[in-house]
Amino acid sequence: HTVAVHNTGSLSVSVHSVHLAGAPSSSPCSWRGFGLSPCGGFELGPGEKGSLLVSVLPDYSSTMVHGAAVLRTSVGPLRLPLQATVPAIIIRTHIVASLLSSDAKTLRIHHACAKLAFAACWLLFVFAVSEYFRSYRSRRGAG
């Protein structure tokens, strides 16, 4: 989405920096589900308009993304709250697509998870069989 910025005053305003609140200095404009552009500063003369592009970059762990853009200006900081909703169907589609991914790292992870699931089922089966025989022996011994 594009956010319009308009200097309605009679003096120029310098935007020294634009960043996402809490973002590390190594990536100030890409943080926790949002992206900002331009990332650097800019100048707005009297009556001039500018724009700030806000992108949603979800990590697909939640349908709601919250954040804040901070513009450090010559007249003080300006904090713009950001909120985006990612439709659940997109999250489900992303999860399915990642499960069907064929890159080697993802396949190794899926293979390891399958082995763990098999081992857990096997342990449950062994436990159930041993409990059955223990119960059978105790009933037989009591009768």
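The values are calculated or read from the model by the stated rules, or taken from the named source; none is laboratory data. As the structure is a prediction and not an experimental result, all values here were calculated from the model. Here Cβ is always computed from backbone atoms with ideal geometry, including for glycine, and neighbour counts include all displayed protein chains. Note: accessible area is taken over every heavy atom of the protein model, side chains too, but ligands, DNA and RNA are not part of it. Shrake-Rupley method; radii C 1.70, N 1.55, O 1.52, S 1.80 Å.
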Taking first residues from region 19-31 that are under 13 Å from LEU82 (Cα atoms) and second residues anywhere that are part of a strand (DSSP E or B) and open to solvent by 40 Å² or more (accessible area, probe 1.4 Å), the pairs with Cβ under 6 Å that are 6 or more apart or on different chains are LEU20/TRP31
In the set GLY47, GLY35, the lone residue that is touching a Leu at 6+ places or on another chain (Cβ under 6 Å), among the small types (Gly, Ala, Ser) and either over 13 Å from LEU82 (Cβ atoms) or not in a loop (DSSP other than H, G, I, E, B) (or both) is GLY35
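To keep it simple, each residue is scored yes or no on (1) within 30 Å of THR106 (Cβ to Cβ); (2) assigned to a loop (DSSP other than H, G, I, E, B); (3) open to solvent by less than 50 Å² (accessible area, probe 1.4 Å).
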residue	(1), (2), (3)
SER10	no, yes, no
CYS39	no, yes, no
ASP59	yes, yes, no
HIS66	yes, no, no
ALA69	no, no, yes
LEU78	no, no, no
HIS94	yes, no, no
Margin query: Given the criteria open to solvent by less than 50 Å² (accessible area, probe 1.4 Å) and within 14 Å of the chain's Cα centre (by Cα), does ALA21 qualify?
Written below: no
**Message:** Taking the conditions exactly as written (under 30 Å from HIS6 (Cβ atoms) and either among the small types (Gly, Ala, Ser) or open to solvent by 60 Å² or more (accessible area, probe 1.4 Å) (or both)), does SER55 satisfy them or not?
**Reply:** yes
Any residue in region 123-140 that is of a type outside the set (Gly, Ala, Ser) and either within 30 Å of GLY35 (Cβ to Cβ) or in contact with a helix residue (DSSP H, G or I) (Cβ under 8 Å, 6 or more places away or on another chain) (or both)? no
